[in-house]
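Single-structure report; data block below.
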Amino acid sequence: MMKAALKTAQGDFEVTNVETPKIPRPDWVLARVRVAGICGTDLRHWKHAESDLAHKIMGHELAGEVVEIGEAVTNVKPGDRVVIETLLGDETCPWCRSQQYNLCPHLYEVRMETVSRAFAGYLIAPAKNLYKLPDHVSFEEATLLDTFSVCLHAVQLSGLKLNDKVAVIGAGPIGLGQLQLAKANGADVIVTDVVDSSLQLALELGADAVVNTKTQDGYQKVMEFTGGRGVDIAFECAGGPAMPVTLPQATSFARIGGKVVIVGGFDPGKTAIELEWQRIQMAQIQLIPSASYAWWGIDPEMQICLDLLAKGKLNARKLITHSFPLDQINQAFETAQDKEKTHATFVALTI
């Protein structure tokens with residue numbers, strides 16, 4: 001048996017004991033979860049009554065230790081410290097076969113049966129989804145690699161280049177990861193948010209300018225930052241309920257011939273968001289949706305991010321503001337949700 005946090009019919013969590021999963025195939029492993037993270041996607045399900053998620057184990061950002069391996073596994077061994085990639089498709093569709101499994105039509109139904117169950121003591125995963133951690137990278141830091149990989153995928157799609165002017169909308173973990181990668185690529189970056197503590201963190205992580213769009217005119221500040229031209233690329237990193245405000249902001253920030261990369265997630269179903277479509281068309285502004293992550297060329301994007309983290313080119317430690325034991329998962333979610341009051345950025349669960 002193992003401890004796990006199960007979603008309730010009301011949308012919060014109940015911590016209880018459930019059966020420990022068993023390795024289903026020779027190339028799979030059983031891992032002990034040491035740290036899991038709460039991300040924006042998790043928060044969009046918080047306190048929402050969703051019958052299809054009731055009594056399910058959630059969570060998709062984690063690091064831990066290998067406990068048991070299948071007989072065909074050669075890349076890891078029991079005792080290895082690892083980060084686990086929680087994207088897993090059906091492995092038979094054209095997208096999976098071409099390493100674009102982030103686009104697999106069955107991605108969520110497959111991953112949520114096995115690898116996407118971080119809020120528990122143990123989980124099973126294919127050995128190929130495990131990446132060994134260097135000794136100096138902590139479990140807490142490694143838990144942010146899922147976030148950084150999402151950001152790296154957005155960078156890949158954006159075509160970001162040296163000396164670009166970039167706006168990052170939203171200074172949560174995704175936005176702060178996007179900021180760090182844009183700076184690493186030689187861009188000048190302005191970050192917007194509505195929480196001052198988040199913007200202060202952005203400055204400490206290298207932002208060239210920040211704007212609180214609740215008290216300041218974001219468009220005016222972006223135009224000042226770019227000499228009146230607008231940014232080459234705007235990354236929308238807030239998502240969720242903010243999207244009706246932040247997506248129009250992103251398109252207004254982009255220069256003629258610029259790009260808007262949609263990194264933040266939408267709530268399910270049709271979403272009506274008014275955009276200035278005539279300007280978008282006449283200015284040839286490209287809207288680029290970005291979904292999760294997978295591979296960049298011949299390398300997994302998570303491995304690239306792990307390398308950058310290990311070399312000190314990404315700062316995860318500064319993003320971790322709170323940590324709770326699994327038994328306090330509901331308090332952890334409340335803290336992550338109310339970041340204006342708690343100043344939370346990345347909230348970790350120790351398991």
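Take the residues in the stretch 124-140 that are touching a residue at least 60 places away in the same chain (Cβ under 8 Å) and charged (D, E, K, R), then tell me which one is nearest to residue 29 (Cα to Cα). Filtering first and then ranking leaves 128. Inside the stretch 57-74, residues that are without any contact (Cβ under 8 Å) to a residue 60 or more places away in the chain and part of a loop (DSSP other than H, G, I, E, B) make up a count of 5. Going through 181, 144, 157 one at a time, which residue ends up being under 19 Å from the mean Cα position of the chain (by Cα), touching a residue at least 40 places away in the same chain (Cβ under 8 Å) and within 19 Å of residue 336 (Cα to Cα)? Unique residue meeting the criteria: 144. For the stretch 198-234, residues that are open to solvent by 80 Å² or more (accessible area, probe 1.4 Å), under 22 Å from residue 285 (Cα atoms) and either touching a residue at least 60 places away in the same chain (Cβ under 8 Å) or touching a Ser or Thr at 6+ places or on another chain (Cβ under 9 Å) (or both) total 2.
For residue 77, the conditions (1) at pLDDT below 95; (2) in a loop (DSSP other than H, G, I, E, B) all hold with the exception of (1). Summed over the stretch 261-308, residues that are among the small types (Gly, Ala, Ser) and in contact with an Asp or Glu (Cβ under 7 Å, 6 or more places away or on another chain) total 2. No other residue among 37, 64 is modelled with pLDDT of 95 or more, closer than 22 Å to residue 109 by Cα and open to solvent by less than 50 Å² (accessible area, probe 1.4 Å) apart from 37. Taking the stretch 1-26 on its own, how many of its residues are of a type in the set (D, E, K, R), outside any loop (DSSP other than H, G, I, E, B) and open to solvent by 30 Å² or more (accessible area, probe 1.4 Å)? Residues that pass the stated criteria total 2.
The single condition among (1) under 20 Å from the mean Cα position of the chain (by Cα); (2) in contact (Cβ under 8 Å) with a residue 40 or more places away in the chain; (3) part of a loop (DSSP other than H, G, I, E, B) that residue 250 does not meet is (3). When the stretch 103-142 is limited to residues that are among the polar types (S, T, N, Q) and open to solvent by less than 20 Å² (accessible area, probe 1.4 Å), the one that is farthest from residue 21 (Cα to Cα) turns out to be 129. Tell me, yes or no, whether the stretch 132-147 has at least one residue that is closer than 17 Å to residue 308 by Cβ, of a type outside the set (Val, Ile, Thr) and assigned to a strand (DSSP E or B). Yes, there is a match, as at least one residue in the stretch 132-147 is closer than 17 Å to residue 308 by Cβ, of a type outside the set (Val, Ile, Thr) and assigned to a strand (DSSP E or B). For residue 79, the criteria (1) buried (at least 17 other Cβ atoms within 10 Å of the Cβ); (2) farther than 24 Å from residue 320 by Cα hold in every case but one, which is (1). Cβ-Cβ contacts under 6 Å between residues 6 or more apart (or on different chains), taken from a first residue in the stretch 90-118 that is in a loop (DSSP other than H, G, I, E, B) to a second residue that is crowded, with 17+ Cβ neighbours inside 10 Å and of a type in the set (Ser, Thr, Tyr), are listed as 115/86; 116/86.
The values are calculated or read from the model by the stated rules, or taken from the named source; none is laboratory data. As the structure is a prediction and not an experimental result, all values here were calculated from the model. Please note: Cβ atoms are built from the backbone with ideal geometry, for glycine as well, and neighbour counts cover all protein chains shown. Side chains included, ligands, DNA and RNA excluded: accessible areas come from the protein's heavy atoms. Shrake-Rupley method; radii C 1.70, N 1.55, O 1.52, S 1.80 Å.
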